[in-house]
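The values are calculated or read from the model by the stated rules, or taken from the named source; none is laboratory data. Note that the structure is a prediction, hence the values are computed from the model and not measured. A quick note on method: Cβ atoms are made from the backbone with ideal geometry, for glycine too, and the neighbour counts reach across all protein chains shown.
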Amino acid sequence: MSDEEDMVVTPWEVRGKVDYNKLIRQFGTQPLTDELMKRLQKHVGELHPQLRRKLFFSHRDLDVILDLYEKGTRFVLYTGRGPSGPVHIGHLVPWIFTKYLQDKFKTRLYFQMTDDEKFVVEQNLKLDETAKLAYDNSLDLIALGFKPENTYIIFDVKDISLLYDIALEVAKRVTYSTAKAVFGFQDHTNIGWIFWPAIQAVPCFIHTKLTGEIVPSLIPAAIDQDPYWRIARDIAPKLGYYKPAQIHCRFVPGLGRGGKMSASEPETCIFTTDTPEMIKKKVWNAFTGGKPTVKEQKELGGNPNICTIYQYFLYLFEENDEELVRLSRECKSGDIVCGDCKAVLTERITKFILEHQKRREKARDIVGEYSISRN
Ligand code: TYM
């Protein structure tokens with residue numbers, strides 16, 4: 001993939017070099033300003049590194065959520081996963097952030113596992129396979145520390161009777177021409193896929209059905225999911241709900257040159273199920289901002305801005321802002337070389353993944369406690 005390729009960002013495809021400011025304009029979202037972050041800080045205390053580092057960079061109605069919250073109306077969180085394979089660390093970014101918001105605001109999370117979506121969209125996946133992957137991926141969510149008391153996982157196919165009435169209310173109010181304009185559907189798109197966005201809208205509103213409470217939802221996710229919310233936001237007032245709000249993150253890059261971390265390029269992806277050997281191999285083959293030889297690197301320095309290894313420190317594996325600055329400075333001056341950074345990153349990712357895998361195994365015993373239809 002070349003950087004020059006035209007940018008394409010849809011819920012099913014991300015290509016080319018992503019220009020996030022352009023996306024804000026194209027999608028019509030709002031930048032996450034310093035002012036809004038300060039407002040958020042009043043409620044959360046310390047800002048999460050993903051906020052400080054502007055990895056979450058855009059939103060819709062986060063200000064409205066805070067207005068309501070300050071007047072005593074709580075909100076619920078909603079996010080999800082399309083189970084088409086194992087989870088990679090890119091997926092974990094919005095989920096870790098969701099956990100942070102949940103802890104700070106003590107609020108409920110609805111998490112949608114879209115085994116139905118992946119069945120209609122992916123030619124090669126059977127329904128029992130996506131259902132199994134949904135179960136498997138939910139272990140990753142639970143391993144991040146979410147508690148059953150305030151976390152409700154929706155397994156679409158299994159839980160469809162709970163979702164279907166709201167999905168119909170949504171679908172009836174969205175024309176084919178709107179869906180086509182928003183999602184780029186073609187004549188050859190199967191009709192399961194065309195109906196499907198109505199289902200992704202449902203968890204924005206499900207809390208009211210379950211509890212009678214009318215509260216808004218806030219959706220942390222990467223910006224690729226935004227098209228869904230345009231539709232959900234359009235019809236929400238017609239159904240008597242608040243418009244769902246969003247907070248959008250950038251994409252964790254793959255370990256290759258350019259592009260987001262995507263399971264379609266497994267060699268450039270760290271999966272939560274990878275072994276230490278696989279992690280080491282992938283990190284050591286990563287695209288960096290270094291020079292071809294150690295001698296040149298020491299003389300001329302490297303470029304952290306294009307380095308995937310540096311991005312990993314930035315996104316997940318270096319909490320200390322000063323350390324990040326040091327890394328960047330010493331890379332540019334040639335005081336450190338790529339091998340130094342790769343060794344540290346390999347160690348950190350391996351430690352993280354091995355601990356995650358242990359918690360993931362334990363989650364098998366309790367996954368049923370999280371199901372939205374648990375009773
Ligand atoms: P899916 O499975 O494609 O992605 C799951 C979540 O991970 C985010 N994401 C990334 N974040 C950072 N870096 C990356 N490289 C990266 N790749 C993916 C996605 O934005 C998403 O938040 N249709 C959805 C499932 C879904 C959903 C939702 C997602 C249903 N309801 C509500 C978010 C919010 C899907 O296929 O996600």
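Structure notes:
- When residues in the stretch 282-309 are screened for being under 20 Å from Ile349 (Cβ atoms) and either touching a residue at least 60 places away in the same chain (Cβ under 8 Å) or surrounded by fewer than 14 Cβ atoms within 10 Å (Cβ to Cβ) (or both), 3 of them pass.
- Asp115 vs. criteria within 30 Å of Leu345 (Cα to Cα) and crowded, with 21+ Cβ neighbours inside 10 Å: no
- The single condition among (1) outside any loop (DSSP other than H, G, I, E, B); (2) out of contact with any Pro (no Cβ under 7 Å at 6 or more places or on another chain); (3) more than 10 Å from the ligand (Cβ to nearest atom) that Trp95 does not satisfy is (3).
- Matching entry among Lys22, Lys42, Lys38 (being free of Cβ contacts under 8 Å to residues at least 24 places away in the same chain, under 23 Å from Val215 (Cβ atoms) and surrounded by fewer than 14 Cβ atoms within 10 Å (Cβ to Cβ)): Lys42
- All of (1) closer than 25 Å to Val18 by Cα; (2) more than 10 Å from the ligand (Cβ to nearest atom); (3) in a helix (DSSP H, G or I) hold for Trp229 with one exception: (2).
- The residues of the stretch 3-56 that are away from the ligand (no atom under 16 Å from the Cβ), farther than 23 Å from Leu314 by Cα and out of contact with any strand residue (DSSP E or B) (no Cβ under 7 Å at 6 or more places or on another chain), listed by number, are Glu4, Asp6, Arg25, Gln26, Gly28, Arg39, Lys42, His43.
- Given (1) without any contact (Cβ under 8 Å) to a residue 60 or more places away in the chain; (2) buried (at least 23 other Cβ atoms within 10 Å of the Cβ), number of the condition Tyr228 does not satisfy: (1)
- Restricting attention to the stretch 240-292, the residues being within 16 Å of the ligand (Cβ to nearest atom) and either more than 30 Å from Glu169 (Cα to Cα) or modelled with pLDDT under 90 (or both) number 28.
- Residue check, Asp140 part of a helix (DSSP H, G or I) and under 14 Å from the mean Cα position of the chain (by Cα): yes
This table checks each residue for (1) polar (S, T, N, Q); (2) within 15 Å of the chain's Cα centre (by Cα); (3) surrounded by fewer than 21 Cβ atoms within 10 Å (Cβ to Cβ).
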residue	(1), (2), (3)
Tyr176	no, no, yes
Ile194	no, no, yes
Gln200	yes, yes, no
Ile214	no, no, yes
Leu218	no, yes, no
Arg257	no, no, yes
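- Residues of the stretch 98-113 classified as hydrophobic (A, V, I, L, M, F, W, C) and either over 20 Å from Ile372 (Cα atoms) or more than 10 Å from the ligand (Cβ to nearest atom) (or both), total: 3
- Meets criteria (among the basic types (Lys, Arg) and under 20 Å from Cys204 (Cα atoms)) for Lys99: yes
- Neighbours by Cβ (under 7 Å, 6+ apart or cross-chain): first from the stretch 101-112, without any contact (Cβ under 8 Å) to a residue 12 or more places away in the chain; second buried (at least 21 other Cβ atoms within 10 Å of the Cβ): none
- Looking across Thr107, Thr73, Thr79, one residue alone is polar (S, T, N, Q), more than 28 Å from Asn305 (Cβ to Cβ), within 19 Å of the chain's Cα centre (by Cα) and in a loop (DSSP other than H, G, I, E, B). It is Thr107.
- Just one residue in the set Asp165, Asp116 is more than 15 Å from the ligand (Cβ to nearest atom), closer than 21 Å to Ile191 by Cα, among the acidic types (Asp, Glu) and more than 18 Å from the chain's Cα centre (by Cα); that residue is Asp165.
- All conditions but one from (1) in a loop (DSSP other than H, G, I, E, B); (2) touching a residue at least 24 places away in the same chain (Cβ under 8 Å) apply to Ala179; the one that does not is (1).
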